[in-house]
Structures are given as C-alpha cells and as structure tokens.
1. Please give the number of the condition Phe261 fails out of (1) of a type outside the set (Gly, Ala, Ser); (2) at pLDDT 95 or above; (3) closer than 24 Å to Leu124 by Cα; (4) part of a helix (DSSP H, G or I).
2. With free of Cβ contacts under 8 Å to residues at least 24 places away in the same chain, open to solvent by 10 Å² or more (accessible area, probe 1.4 Å), at positive phi and not acidic (Asp, Glu) as the only criterion, which of Gly246, Gly224 stands out?
3. Condition first: modelled with pLDDT under 95, in a helix (DSSP H, G or I) and open to solvent by 90 Å² or more (accessible area, probe 1.4 Å). Can you find one or more residues in the stretch 6-13 that meet it?
4. Looking at the structure I just gave you, is Gly292 open to solvent by less than 50 Å² (accessible area, probe 1.4 Å), touching a residue at least 60 places away in the same chain (Cβ under 8 Å), among the small types (Gly, Ala, Ser) and farther than 23 Å from Gln44 by Cα?
5. Scan the stretch 249-276 residue by residue and report those that are in contact with a Leu (Cβ under 7 Å, 6 or more places away or on another chain), without any contact (Cβ under 8 Å) to a residue 60 or more places away in the chain and not aromatic (Phe, Trp, Tyr).
6. Inside the stretch 216-247, can you point out the residues that are over 14 Å from the mean Cα position of the chain (by Cα), among the small types (Gly, Ala, Ser) and within 20 Å of Leu23 (Cβ to Cβ)?
7. Look through Phe169, Phe121, Phe106 and report the one residue that is part of a helix (DSSP H, G or I), open to solvent by 50 Å² or more (accessible area, probe 1.4 Å) and aromatic (Phe, Trp, Tyr).
Amino acid sequence: ILEKSRTSSLGKPISAAFFQASLFLFLLICGLAVFVLGTSYYDQFPTNTSGLFKIGLSALYLLTAILSRKIDLLRPYWRLMYAFFAASMVNGVAWYFAIYLREGLFEVLQVSTATTPGMTFAKLLEASLTVGTILVLVKLSGDDLPSLFIRKGKLRWSLRIGVLALVNFTAAGILLAVNRDFDIKAMIPDLPWWLVFSLANGFMEELWFRGLFLGRLQELVGAGGALWMTSIWFGVMHVFAVYVSGIGALVFMALTFTLGFAFALVMQKTKNIWGATLFHATADFHWLIALGF
C-alpha cells in the first residue's frame, strides 16, 4: 500500500513524474528564450533588438554545456545545451550581419528586397548564415550530420510526402488566388523565385527548429515530448509574425503549431530532414501563391 501511494496514475513514482514535468518546462523555456526572446524577426520584446542579449544568452548556454560535459551527473544534458548554444548563435550571427553588413552588401549588388528576386536573395543569404552557423558549431562539438537528420533515412517516403504536399498545397494556393480575382498570368514569373525562397526557408527552419533538437530532446523527454516541445516553440514564435495581428495571430499560431507537429512527425518517421523540408517548403509556397507576395 505504501509503495502504491508513491506512484502516480501513470505507474511512475511521483518524484520521477515531477522531475520529468519540471525538466520539460525548463527546456521549453530555454527554447522560448532562443526562438521568441532572441529572434530578430520582430521587435515585440526589448531582447529582440538587443545584441547583448543574443550574445549573452549564447555564452550562457555554451558555459552550461561545458560545465555539463565535465560533471558526471549533468553529462546527459550537455549535447542539448550545446544545441541551444548553436541555435542562439544563429540569432547573434544574423543580428550582426543585418546591422553591419547586409545593407552595404545589398547596395553594392544593387538588390532591393522590395522585389521578388531581392526577397529571394535575402532569404538565401539568411539560410546560408543559419545553416552554416549550425553545421560549423555542431562539427566543432564532435557531432556529425546524421545527428541533425541530414542522412538518407527513408528517402522514398520523404519524396512521396513532399510530392503529395507540393501538389495539394500548390493547388490550394492557386484556388485561393483565383477566388481573390488575382491575375494568375502575372504571377507566373514569380513562381520560380517563390519556390527557391520556400525551399531555402524550409530547409533552414527544419534544421534550426527540429534537425538540431529532435534527436537530442528525445534522449531526455522522449519522442512525444520532443514533438510537443519543438511544435510549441514553432507556434509561439510565429504568433508575433509581423504579417498577422489580433485574432489572426492566434489562428496563425494554431496553424503553425499543427504544421510544426506534422513536420516533426514526418522527420521522426522518415529518419531524415528531407521529407519535412519539402513539406515545409510547400506550405510556404502555398501562402506565397495564395497571398500574392
């Protein structure tokens, strides 16, 4: 009877269940600090425009990772804390580039983000910085590409999912555009640019949100916990997107949360990043067509 009184309804000791819940909450907050407070996509919080916060948060996660690797009790957590460091450094690198280099580079190349080619070029630069930062830092930690889901996995299933999503989402986007009396012929020259934009953004965000974290989180909070956590990060980050407001922001959060959950599930099931990337890219492509920008 005494033993049963120490057990939760799930059959686990209450102390263990409490620890798991506390760990989930702590890691959730760690991610929100990176993807919501640290991002430069908007200026909802003072931290979004603070280079000191971005670099300070990165340094904190790096120090935590180093200490965790040296302390036996904390060693299981060091790879995940290093992943938070890498994800946070993406914000720092992007912020530095935007402040000191981007405008000068665009001026020299005579590129304007007000045009579709310019918008695509800006996304390619952003994706290159994000992917490059993650790959270099993960390599320096001793991990390899398969740890980021950059591997073959179930490639056929990935391609099937990607093609089905491309057909469905593209058709839905065209249908919405037609119902808005949008000139489809005028859209055709932009389609290749939008597709490149979508592929770059899809791979960048899948690597940043899920490739970097799903495997490392799964070791500590399980496959289900990893699904929920990365999806919450993805949804909450997008609630502050500058192109939606009011009740639309909450609807958009629900949309991005469920899509993030689907992307993560595809990545776990196919054991690679490619199916999720194609799925993500087609979702972006859909909205570019539907909204006409």
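The values are calculated or read from the model by the stated rules, or taken from the named source; none is laboratory data. Not measured: the values here are computed from a predicted model. Glycine gets a Cβ as well: all are built from the backbone with ideal geometry, and neighbour counts include every protein chain shown. Quick note on the areas: whole protein, heavy atoms, side chains included, nothing else; ligands and nucleic acids left out. Shrake-Rupley method; radii C 1.70, N 1.55, O 1.52, S 1.80 Å.
1. Exception for Phe261: condition (3).
2. Going through Gly246, Gly224 in turn, the sole match is Gly246.
3. Looking through the stretch 6-13, none of the residues is modelled with pLDDT under 95, in a helix (DSSP H, G or I) and open to solvent by 90 Å² or more (accessible area, probe 1.4 Å).
4. The answer is yes for Gly292.
5. So in the stretch 249-276, the residues in contact with a Leu (Cβ under 7 Å, 6 or more places away or on another chain) come out as 261, 264-265, 267-268, 272-274.
From what is left, the residues that are without any contact (Cβ under 8 Å) to a residue 60 or more places away in the chain are 261, 264-265, 268.
Listed by number, the residues that qualify are Ala264, Leu265, Gln268.
6. Result: Gly222, Ala223, Gly224, Gly225.
7. Just a single option satisfies the conditions, and that option is Phe121.
Residue by residue, here is whether (1) more than 19 Å from Phe85 (Cβ to Cβ); (2) not polar (S, T, N, Q) holds:
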residue: Trp233; (1), (2): no, yes
residue: Phe240; (1), (2): yes, yes
residue: Ser245; (1), (2): yes, no
residue: Val251; (1), (2): yes, yes
residue: Phe261; (1), (2): yes, yes
residue: Ala264; (1), (2): yes, yes
